[in-house]
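Peer 1: Got a structure for you, questions after.
Rule-based calculations on the coordinates, nothing more; no lab input. Only a predicted model underlies this, so the values are computations on that prediction, with no experimental measurement involved. Glycine also receives a Cβ, built like all others from the backbone with ideal geometry; neighbour counts cover every protein chain displayed.
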Amino acid sequence: MTTITAKTWARWTVLGALVVGLGSCGRHSAADQQGPQGPPPVTVANPMVKAIVDWDDYVGRFEAVESVELRPRVSGYITAIRFRDGQFVRRGQTLFTIDPRPFQAALIAAQGDEARAKATLDLAKTTLARAEKLMADKAISQEELDTARATVAQSQGAYLTATGNTKARKLDVEFATVAAPIGGRISDRKLSVGNYVASGTTVLTSITSLDPIRFVFDGSEAVYLKYQRANREGTRPSSRVAPNPVEVRLQDEPSYRWKGKMDFVDNALDPTSGTIRGRAIIRNPDGFLTPGMFGHARLLGSGAYDGLLIPESAVVTDQTRKIVLSVTPDGTVVPKVVTLGPLVDGLRVVRSGLTANDRIIIGGVQRARPGTKVKPIFGKIVPPAPGTGPDVGVVSRPPAASATAASAR
């Protein structure tokens, strides 16, 4: 991109006015205006028209879908550790063994209490049945029958208590074997064999899932409003590959090689930062991506639309304005103020200020001056390499009002 100072631009303007004035007087020919060698040659071409897609770029961090801090559910001494630090574990895999003997002994005692309660209940039921027969013959009092019924009820309660205690002791025996509640990569062991652990207190290790993995980022309120209005107007882009596709690259990667899709947007904006949290789900089959890593994500900001692309070298800067020099059919240089968009494979997107029929100077910009004559030599803008964006099924116009990146479709 060429930069033109205000002083240089003023000289161009004065020179252009002088050339126009001399031409209107008819005192000199066009060749005289340009000097003895004639108009300087420049290379011109029409802007390239290509279907492109706008992207919005975000910086975010990877997070695990599931993360567990492993604590024991019973107290006791560790007798075995059955994993290597940092390895991948599957759900249900045995990780730690706590000495089960105290819990097995307590289970046997509970089973004995249950058997005794069962025998007492059976005896109470037999006694009640005998009492009911005797009551029919008027051989016992009503009070004795009521006592037999109450004994049965009490025995049933004692039996239920004993049964529940037996189940609790069985759970203690099961909990003596600590298994992985989820699959993923395990951290290092926090203690070794022989250490005493307290139920619900001691941290044994942690496990985080890796496939799939989440990518969490914050978006500005302006971008959120753009998406909301596009959704309401029905111009939000769609894809035959996946809804709301997201592409991510790591800090040392030149391309967006990790593919995923949006799966969550928060229900409120953060009032302190004016941003809203978004989340994408990314496939990570080989476990390369790790929670905590930073990445750059791009999210579709528009559907495919016909964009005008020009070389970056064809754009000149006049303080805050971006200008492209065009050539009229009679060879006169005319400046055009343009609004630029993002880069697409090395070419700059022009939002406004040009048409597909404009002949813009892409070579020899330094030899051209507004209002003067040039000798146009027709060239061609080199097509960019094929884009890497997803296959977009819906074409929408106009493009997004703003975007941080774009790709050719």
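Peer 1: Suppose the Debye formula is applied to equal point scatterers at every Cα of region 65-141; what is log10 I(q)/I(0) at q = 0.24 Å⁻¹?
Peer 2: Scattering profile of region 65-141, log10 relative to I(0): -1.12.
Peer 1: Quick check for me: using +1 on Lys/Arg Cβ and -1 on Asp/Glu Cβ, what's the dipole size of region 70-202 about its Cα centre, in debye to the nearest 20?
Peer 2: Roughly 800 debye, rounded to the nearest 20.
Peer 1: Oh, and also: When a/c reaches 1.5 or more, the comparison of a/b and b/c decides; with that in mind, is region 304-343 rounded, prolate or oblate per its Cα gyration tensor?
Peer 2: On the way: a/c = 2.38, a/b = 1.33, b/c = 1.79.
Judged from the Cα gyration tensor, region 304-343 comes out oblate (a/c at least 1.5, b/c at or above a/b).
Peer 1: VAL74's amide H: which non-local residues (gap 5+, or another chain) put their own amide H closer than 5 Å, with H modeled 1.01 Å from N in plane and none for Pro or chain starts?
Peer 2: Close amide H contacts, sequence-distant or interchain: GLY200.
Peer 1: Does region 242-301 classify as rounded, prolate or oblate by the C-alpha gyration tensor (a ≥ b ≥ c root eigenvalues; a/c under 1.5 gives rounded; else a/b over b/c gives prolate, otherwise oblate)?
Peer 2: Judged from the Cα gyration tensor, region 242-301 comes out prolate (a/c at least 1.5, a/b above b/c).
Peer 1: A further question on this structure: Just flag the chymotrypsin sites (Phe, Trp or Tyr not before Pro) in region 280-376 sitting in loop per DSSP whose Cβ has no more than 15 other Cβ atoms within 10 Å. Spell out each step's value before the answer.
Peer 2: Numbers: sites: PHE288, PHE294, TYR305; in loops: PHE288.
Passing sites in region 280-376 are PHE288.
Peer 1: Which net charge results for the neighbourhood of VAL216, defined as the other residues with beta-carbon distances under 9 angstrom from its beta-carbon, given Lys and Arg at +1 and Asp and Glu at -1?
Peer 2: Computed value for this residue: +2.
Peer 1: Another question, then. Give the residue from THR275, VAL338, PRO285 lying farthest towards the positive end of the charge dipole for region 262-350; charges sit on Cβ (+1 for Lys and Arg, -1 for Asp and Glu) and the dipole is referred to the Cα centre.
Peer 2: THR275
Peer 1: Quick check: pseudo-label points 7 Å beyond the Cα along Cα→Cβ at GLN228 and LYS125, how many nm apart are they?
Peer 2: Placing both labels 7 Å along Cα→Cβ, they lie 6.6 nm apart.
Peer 1: For region 70-202, with the dipole built from +1 on Lys and Arg beta-carbon atoms and -1 on Asp and Glu ones, taken about the Cα centre, which of LEU145, THR202, ALA131 lies farthest toward the positive end?
Peer 2: The listed residue farthest towards the positive side: THR202.
Peer 1: For region 286-354, just the Cα set please: Rg and Dmax, both in angstrom.
Peer 2: Rg, Dmax (Cα atoms, Å): 18.3, 63.
Peer 1: Are there any trypsin sites (Lys or Arg not before Pro) in region 135-167 that are in a DSSP loop and have at most 11 other Cβ atoms within 10 Å? List them by number.
Peer 2: LYS138
Peer 1: For region 70-202, I need the span (max minus min coordinate) of the C-alpha atoms along each principal axis, in Å, sorted largest to smallest.
Peer 2: Reported extents, whole Å, longest axis first: 78, 26, 19.
Peer 1: Explain nothing, just compute: Karplus ³J(HN,Hα) = 6.51 cos²θ - 1.76 cosθ + 1.60, θ = phi - 60°, for every residue of region 62-78 in order, whole Hz, x for Gly and Pro.
Peer 2: Values, residue by residue: 7, 9, 6, 5, 10, 9, 10, 9, 7, 10, x, 9, 9, 9, x, 9, 6 Hz.
Peer 1: Once both labels are modelled 7 Å past Cα along the beta-carbon direction, what's the SER141-SER199 spacing in nm?
Peer 2: Label at SER141, label at SER199, 4.7 nm between them.
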